[in-house]
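Structure record follows, encoded as structure tokens.
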Amino acid sequence: MKHHQYNPSYQFVIPPVDFNKYTDRSLLQYCLGATMYMPGTKDFAQAIIDKKYPGLTSMVMCFEDACKEEDVPAAEQNCLRVLETLHQKVENKELAYEDIPLIFFRVRNVEQFRHFAKLLPIESVPYITGFNFPKFNSLNAAAYMDHLVDLNSRAGEVLYGMPIIEDARVAYKESRLDELIAVKRVLDQNKELVLNVRVGGTDFSSCFGVRRGINYTIYDIMTVSNCLMDILNIFTRNNDYTVSGPVWEYFRANKRMKGMEELPRIDLQQTLMKRKALVNDAVDGLMRELVLDQANGFMGKTCIHPSHLNYINGMLAVTKDEYDDAWQIMHTSGGVVKGTKGMNEIGPHRNWAERIMMRSQAYGVIENDASYIDLFKS
């Protein structure tokens, strides 16, 4: 896999690297980008084989919210068939392993995780990067992680976990910090198997009976924003974990959507934050939230529609100014030095620089902020 395959002719200052499930976790955790969710009942094998979505690099087959409980057995069998189809295509040299996205399964609960794991044939394991654990909390965390450790041992393969923090024990202020600290304590015991921490913005919103509209970001919903900031506070200290941003629920994919070739050369962030119309309200809202996601420390974003892929992954590319500052910080022993647009404090800015260098490998380096518009084109 490599990011931005939807725009193969784009000229990067530094191109993104190739990656797969065996890439070192220190980099792979930055490579997830737009992780697209779909029901476990959907036969997605042919879309992968046909490279229908060139921007798709990581995906989740869901047995939980996107799947009715009575449909779970059929979804499990469908997912097993998808894995078998991909395996056969690779064996027959009709599909390159490198062209298969990172595939995760969002299990329904601990019991269904155990059940589905028993169904997996050993030849399917190389095509699975890991599992998403919904409603992950201090009560079920150890059970999820213990079985993940056991599964890794039995499979002789790396299989990652991605806990989803989204239930009321975190939403409600009186229990939040104790709950988050307890969850982190469990994850820290097997940190090498935790690829990413995910958050459920929709579930948090449900706790308070709110939903952000198309002209708002999740940061405008104060009760939810408050939850998200505490999650970042606990899990992103010293770059301990990457935390992925919550899903953006709106999309408008139609033939009349304004094309990138029609857009002026602009300072993208300033245009978005001043709420000037750019593409349409659904895409503009997504990009506006992405700017704030990055400013606050989220890395990547849950995605529910392929029209979001180019924007989420595109905006993770690093500008040359950012890269130059990060490189300078990582290669200077200490003190304060002049950067591209301001002063670089070597000690305080080192964690930021480390993240920028990882992003530059995963998503590439582009010339400047105006270059994002060209990168989005497909």
*Lone unmet requirement of (1) modelled with pLDDT under 95; (2) farther than 27 Å from HIS115 by Cα; (3) crowded, with 20+ Cβ neighbours inside 10 Å for GLY200*: (2)
_Test for ALA75: is it surrounded by 15 or more Cβ atoms within 10 Å (Cβ to Cβ), touching a Gly at 6+ places or on another chain (Cβ under 8 Å) and not aromatic (Phe, Trp, Tyr)_ = yes
*Subset of the range 50-72 (residues that are more than 22 Å from the chain's Cα centre (by Cα) and either aromatic (Phe, Trp, Tyr) or surrounded by fewer than 16 Cβ atoms within 10 Å (Cβ to Cβ) (or both))*: ASP50, LYS68, GLU69, GLU70, ASP71
*Among the residues of the range 325-341, is there at least one that is modelled with pLDDT under 95 and of a type in the set (A, V, I, L, M)?*
yes
*Could you say whether any residue in the range 164-179 is in contact (Cβ under 8 Å) with a residue 40 or more places away in the chain, within 23 Å of PRO39 (Cα to Cα) and not β-branched (Val, Ile, Thr)?*
no
*asked:* For the structure I just gave you, tell me whether TYR311 is closer than 28 Å to MET38 by Cα and touching a His at 6+ places or on another chain (Cβ under 7 Å).
replied: no
_Lone qualifier among VAL110, VAL90 - being of a type in the set (Val, Ile, Thr), farther than 22 Å from GLN46 by Cα and surrounded by fewer than 19 Cβ atoms within 10 Å (Cβ to Cβ)_ = VAL110
_The one condition in (1) assigned to a helix (DSSP H, G or I); (2) in contact with a Phe, Trp or Tyr (Cβ under 6 Å, 6 or more places away or on another chain); (3) over 29 Å from SER26 (Cα atoms) that CYS227 fails to fulfil_ = (3)
*Would you point out the residue of the range 308-365, among those that are touching a Ser or Thr at 6+ places or on another chain (Cβ under 7 Å) and of a type in the set (D, E, K, R), that is surrounded by the most Cβ atoms within 10 Å (Cβ to Cβ)?*
ASP325
*For the range 344-362, how many residues meet the condition of being at pLDDT below 95 and acidic (Asp, Glu)?*
1
*Check whether at least one residue in the range 361-369 is outside any helix (DSSP H, G or I), touching a strand residue (DSSP E or B) at 6+ places or on another chain (Cβ under 9 Å) and of a type in the set (A, V, I, L, M), and report yes or no.*
yes
_Tally up the residues in the range 160-197 that are aromatic (Phe, Trp, Tyr) and crowded, with 20+ Cβ neighbours inside 10 Å, please._
1
*Please go through the range 120-135 and pick out each residue that is in a loop (DSSP other than H, G, I, E, B) and within 17 Å of the chain's Cα centre (by Cα).*
ILE128, THR129, PRO134
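The values are calculated or read from the model by the stated rules, or taken from the named source; none is laboratory data. Since we're looking at a predicted model, the values are computed, not measured. Here the Cβ is made from the backbone with ideal geometry for all residues, glycine too, and neighbour counts use every protein chain on show.
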